[in-house]
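The values are calculated or read from the model by the stated rules, or taken from the named source; none is laboratory data. Just so we're clear, the structure is a prediction, and the values are computed from it rather than from any experiment. As a convention, Cβ positions derive from the backbone with ideal geometry for all residues, glycine included, and neighbour counts pool all protein chains shown. Accessible surface is based on the protein model in full, side chains and every heavy atom, while ligands, DNA and RNA are left aside. Shrake-Rupley method; radii C 1.70, N 1.55, O 1.52, S 1.80 Å.
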Amino acid sequence: MRRGAVSAARSGVAAVAGVFALVLGVSACGAPQESGTPDQTARAKASAKAARTLSTADLKALTFKDGEVPQAWEGAIDVTVRDDTADTDTFPPVSDPDCQRVLDISDAENAPAVVDQIFNWKGDINPGGSTLAAYKGADAEHAFDQLRDAVKSCRSFTGTGYFGKYHSKLVPGSPPHVGDEAVSFRVENPIDGRVRNDQYVVIRVGTTIATYSARNVNRPASFPFELIEKQVTRLRNAQRS
């Protein structure tokens, strides 16, 4: 299994050092559901079929640059292009297949083009992360359908990471109304009497799936929504060009 730059940023705590077996946490709160009305969803899926598939170069061009993220330190925004030929760390699948599916899709495990970005926030030792994953044809829709169903089923799981075994709980949340479809969830990881919250928002924009993560301990965390909106707009415009 691959572990991208975002996954690496999420590491560093025993309980989740492999929670994704590639990633280790999870995202913003929200009961899995599609954004908008059924008619809006149908129109969004129809328009997605006409959207072009973005390349790795396209995705990299759509990442945030220094000066665009006032919440992050200047010079502390890292971008990594996934390379399937690179050496990766592998861990056994987690105990629940649906939970493993959540982790795999959120981390773009099977996407042909993936770019990860890490954000080192001002006044916060916990970094944020994003993953942009481009799919071919209707593959993004199919992957998102599987993700939504898996989020409904996954509640807790155990796994093995860098620091041994861990136990995590998945808590669905309310997804934002952005993109064509969105889900959000939080993974709680007990660590030395405290609870680490890894919160994720996963959004489909045409043929692309974007994942945004934030982390905190003993309290909620959230990725800046204005950045999500800005990048979703970029993804949509790029697929129409």
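Looking at segment 197-231, none of the trypsin sites (Lys or Arg not before Pro) sits in a DSSP loop with at most 11 other Cβ atoms within 10 Å of its own Cβ.
Please list, or write none, the aspartates and glutamates whose alpha carbon is within less than 14 Å of the alpha carbon of Lys169, excluding same-chain residues fewer than 8 places away. List returned: Asp96, Asp98, Glu188, Asp198. Around the amide H of Val195, modelled in the peptide plane, lie the amide H atoms of Asn218, all under 5 Å away and 5 or more residues distant in sequence or on another chain.
Can you pull out the GluC sites (Glu not before Pro) in segment 51-150 whose DSSP state is coil and whose Cβ has at most 15 other Cβ atoms within 10 Å? Provide the component values of the computation, followed by the final result.
Working: sites: Glu68, Glu74, Glu109, Glu141; in loops: Glu68, Glu109.
Within segment 51-150, the qualifying GluC sites (Glu not before Pro) (loop, at most 15 other Cβ atoms within 10 Å) are Glu68.
Applied to segment 116-132, the Karplus parametrisation 6.51 cos²θ - 1.76 cosθ + 1.60 on θ = phi - 60° returns per-residue 3J(HN,Hα) values of 9, 9, 10, 10, 8, 6, 5, x, 8, 6, 8, x, x, x, 9, 10, 10 Hz, with x for Gly and Pro.
For segment 66-155, trypsin sites (Lys or Arg not before Pro) meeting the loop criterion (DSSP other than H, G, I, E, B) and having at most 16 other Cβ atoms within 10 Å: Lys122, Lys136, Arg155. Put Trp73, Trp121 in order of accessible area, highest first, and with a 1.4 Å probe you get Trp73, Trp121. Projecting the Cα atoms of Ala113, Gly137, Ala150 onto the charge dipole of segment 105-167, computed from C-beta unit charges around the Cα centre, puts Ala150 farthest toward the positive end. Largest first, the residues Ile125, Ile203 sort by 1.4 Å accessible area into Ile125, Ile203.
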